Amino acid sequence: MVQAPNRSFSDRGRDRDRDRGRGRGRGREEDTGGFTERVVYTRRIAKVVKGGRRLRFNALVVVGDGQGQVGVGLGKALVIPDAVRKGNAVARRGVINIPMRGSTIPQQITVKKGATIVMIKPAREGTGVIANAAMRAILELGGVKDVVGKSLGSRNPINIVYATIEALKQLKDPDVELARRLGRPMPSKAPAEAPTGQPTEESPE
């Protein structure tokens, strides 16, 4: 009879940790109807009742189209797939538009949400997204390519995500804000696309 080779406790622990991480489903991305879904954080919560403990799961989901639209939702259910599905639905209902200036944000902003302080700063082209995992998921799915983010205080991913969304909500487009203060008509995106359309206007001549 062939005896299986003995495995060290470190190998068993490493396999167990890998299986646990695979089951939690962090970082999972799916293209659903033009939006990319990413599961940022999952956790198990237990409620002690008279008959014992009731186990439930939370799933924090971020959705975005990579072109300035992003949303966040927290789903709760008895199993993780149902929690992710609920979080996706909540995130789609709360999609916001991010004002962009090229590949970065218009101005620096700092927001405090609970015990978390989030600071987001614009960066030069080619810098990339420099931020922690929870903040990076929102910025990447929102289409921001060059930005520097920093979080202070509580490192709870749920607090960081909601603080980042609140900061993006407070961003102002300089052109729109100037037109609103001066009473001018709101600028549209058509003038920005005019240089690419000039050759087509001259072609009929």
> Taking the highest mean first, how do the peptides 157-166, 71-80, 45-54 order by number of other beta carbon atoms within 10 angstrom per residue?
Replying inline: 157-166, 71-80, 45-54
>> Greater than 23 Å separation of Cα atoms is the criterion. Which listed pairs, LYS150/LYS172; LYS50/LYS86; LYS86/LYS150, meet it?
In response: LYS50/LYS86; LYS86/LYS150
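Bear in mind these aren't lab numbers, they're just calculated from the coordinates by the rules spelled out. Bear in mind the structure is a predicted one, so any value in this text is a computation, not a measurement. Cβ sites come from the backbone with ideal geometry, for glycine too, and all protein chains shown count toward neighbours.
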